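Some notes on the structure that comes next.
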Amino acid sequence: MDKKIDKKDIAILLELSKNSRIPLSKIAKIVKIPKTTVKYRIEQLSKRKILNKNYAIIDMTKLGFLFHYEIFVKLQGISEELEKSCLNKLKEHPLVGWLVSTSGRYSFICATFARHPSHLYEIVKYIKSIFHPFIQESFVNVAISGEQYRYPIFKDSESPKISTKNSFSEFNSIKLPGSQIKLLKILSENSRTSLTEIAKKLKLTEKTVSARIKKLEKEKIITNYTCQLHLGRSGYFFYVLLIKLNDVNEEIKLFLEQFPEIFYIVKSVGSYDLKTEFYVEEEPRIYEIEREIYKKFGKIISETEIMRITKEYYIRYFTDV
């Protein structure tokens, strides 16, 4: 693993995680270093691939999508080179929102967008076509709601939870014009794209672009601007812990939120009821967390599964399909 990042880098990343469209001048004022230094540090963090991406989180339920289905796949007999090649091909599919390779029972997790069951069928069929005949096992979970918590490097700072998926009760469908769809795509791929550059791409004025962004924010179609970090390059291990319950219990989520290592909690319907993600500084810690969960809720837990995320291939919260 790479060396850890210093306090100034952490302070810069904290501001980007809160609002990845924040101007460099504001970051400089908060962190108390020159704007040129902020720019240089961000470039270096990107070069080291600790800062992977700045992006907008879009509430896709407002656009008629269910975000999202999570597909877990176990491969057998495939070469490492071919597996990587197939995963790189899979991440280009327009319905893929999140793709990671994992160690443990499953080889990779693919989260997808879907307007209707045929979209799920399409992506499952596509996965089977590119990984045949190496698929040994697979299953699909339906994500009902999810919350992203602060990265552990921000544990000493205030950083609010980010809601990344809405419940079905909030499902709606808004028809947006093509120019606004293009605007959402730009911000979902790089939220730090300037108004000038966006205006040029969309052939609009900066004033019009600014007004449309504010409208999308007001309507809560754009819910957040944040960043994707790769903490594996700064001393952390990234794990998924799946939990299957034999009884309904809301207290377990509150208990999970108390762990400083927690990063993400997804409530699901399917083979597992909860998908949790943790960043730990030492690998044995994830097993300590599992034991603590069993100690508190062992009577209602029927099964758990631990997987280490070995590579995050792709993340986005928007598709224009």
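The values are calculated or read from the model by the stated rules, or taken from the named source; none is laboratory data. Note that the coordinates shown come from a computational prediction; the quantities given were computed from them, not determined experimentally. Please note: Cβ atoms are built from the backbone with ideal geometry, for glycine as well, and neighbour counts cover all protein chains shown. For accessibility, only protein heavy atoms count, side chains too; no ligands or nucleic acids. Shrake-Rupley method; radii C 1.70, N 1.55, O 1.52, S 1.80 Å.
Thr37 contributes about 50 Å² of solvent-accessible surface, heavy atoms of the protein only, 1.4 Å probe.
List the relative contact order of the chain as a percent without decimals, with contacts defined as Cα pairs under 8 Å and 6+ residues apart. It comes to 29 percent, rounded to a whole number. Based on alpha carbons, the Rg and Dmax found for segment 219-321 are 15.2, 45 Å.
In this Cβ point-charge picture (+1 for Lys and Arg, -1 for Asp and Glu), the chain has a dipole of about 1680 debye about its Cα centre.
What the phi angles of segment 261-266 give under the Karplus curve with 6.51, -1.76 and 1.60, with θ = phi - 60°, is a coupling list of 7, 5, 10, 8, 10, 10 Hz, glycine and proline written as x. Only one of (1) 5, 22, 32, 28, 11, 3, 0; (2) 5, 25, 34, 26, 9, 1, 0; (3) 5, 19, 29, 26, 13, 6, 1, 0 was calculated from the structure for P(r) over Cα pairs in 10 Å bins from 0, in percent, and its label is (2). Note on segment 120-277: dipole from Cβ charges, positive end direction compared against Asn249, Ile130, Val142; the farthest Cα belongs to Ile130. Accessible area ranking (1.4 Å probe, heavy atoms, ligands and nucleic acids excluded), largest first, for Glu282, Glu312: Glu282, Glu312.
When a 1.4 Å probe is rolled over the protein heavy atoms, the share of accessible surface on segment 1-135 that falls to carbon and sulfur comes to 54 percent.
Taking amide H as placed 1.01 Å from N in the peptide plane, the amide H of Phe139 sits under 5 Å from that of Phe72, each at least 5 places away or on another chain.
Based on the convex hull around the alpha carbon atoms, segment 1-64 presents an average projected area of 5.5 nm².
For Val100, Val321, the ranking by accessible surface with the largest value first comes to Val321, Val100, using a 1.4 Å probe. Annotation: Asp273 carries an accessible surface of approximately 50 Å², with a 1.4 Å probe and no ligand, DNA or RNA atoms counted.
Sorted largest first by accessible area at a 1.4 angstrom probe radius, with every protein chain in place, the residues Arg150, Arg291 fall in the order Arg291, Arg150.
Carbon-plus-sulfur fraction of the accessible area of segment 219-321, 1.4 Å probe, in percent? Exposed carbon and sulfur together represent 47 percent of the surface. The mean accessible area for residues of segment 240-321, using a 1.4 Å probe and ignoring ligands and nucleic acids, is 48 Å² per residue. Each residue was assigned an accessible area with a 1.4 Å probe, and for Thr208 the value is about 50 Å². Using a probe of 1.4 angstrom and keeping all protein chains present, the accessible surface of segment 1-133 works out to 48 square angstrom per residue.
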